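Structure record follows, encoded as structure tokens.
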Amino acid sequence: QVQLVESGGGLVQAGGSLRLSCAASLRTFSSYAMGWFRQAPGKEREFVSTISWSGGNTAYADSVKGRFTVSRDNAKNTVYLQMNNLKPEDTAAYYCAAKLSSISGIAGSYPYWGQGTQVTVSS
């Protein structure tokens with residue numbers, strides 16, 4: 001059974017940083033592209049970032065470019081999202097997701113999802 005478990009969320013002041021982690025139980029983790037999405041109350045889930053199986057290909061939403069960095073450690077079956085210069089509008093539940101093959105910013109293309117971790121940025 002596939003499990004994705006996010007951690008690292010919390011409350012931070014604007015301008016601060018957080019590092020999210022997503023530990024995956026995928027047997028062949030290195031075969032999967034990983035994605036980060038977020039959902040604020042009353043809003044639809046939106047794409048944040050994605051990384052290829054090798055880590056060599058990444059993509060970001062325009063709203064987080066230059067502030068967020070996605071990375072992965074295939075030896076640890078873990079993907080990370082380093083979030084710097086956080087803004088109140090970054091407040092949301094953050095989810096990691098996994099899919100085979102290439103990276104994607106489309107939530108519907110990811111069959112596996114974690115339960116999410118809450119990030120709250122105060123002004």
For this session: Please specify each residue of segment 70-96 satisfying the condition of being surrounded by 23 or more Cβ atoms within 10 Å (Cβ to Cβ) and at positive phi.
Result: none
Exercise. Within segment 97-106, how many residues are over 17 Å from residue 30 (Cβ atoms) and either open to solvent by 30 Å² or more (accessible area, probe 1.4 Å) or modelled with pLDDT under 95 (or both)?
Worked result: 2
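Output the number of residues of segment 11-28 satisfying the condition of being closer than 13 Å to residue 117 by Cβ, out of contact with any Leu (no Cβ under 6 Å at 6 or more places or on another chain) and surrounded by 13 or more Cβ atoms within 10 Å (Cβ to Cβ). Spell out the reasoning first.
Of the residues in segment 11-28, the ones closer than 13 Å to residue 117 by Cβ are 11-12, 18-23.
From what's left, out of contact with any Leu (no Cβ under 6 Å at 6 or more places or on another chain): 11, 18-19, 21, 23.
Still in the running and surrounded by 13 or more Cβ atoms within 10 Å (Cβ to Cβ): 18-19, 21, 23.
Qualifying residue count, segment 11-28: 4.
The values are calculated or read from the model by the stated rules, or taken from the named source; none is laboratory data. Please read all numbers here as calculations on a predicted model, not as lab measurements. For neighbour counting, all protein chains shown are included, and Cβ atoms are generated from backbone atoms with ideal geometry for every residue, glycine included. Quick note on the areas: whole protein, heavy atoms, side chains included, nothing else; ligands and nucleic acids left out. Shrake-Rupley method; radii C 1.70, N 1.55, O 1.52, S 1.80 Å.
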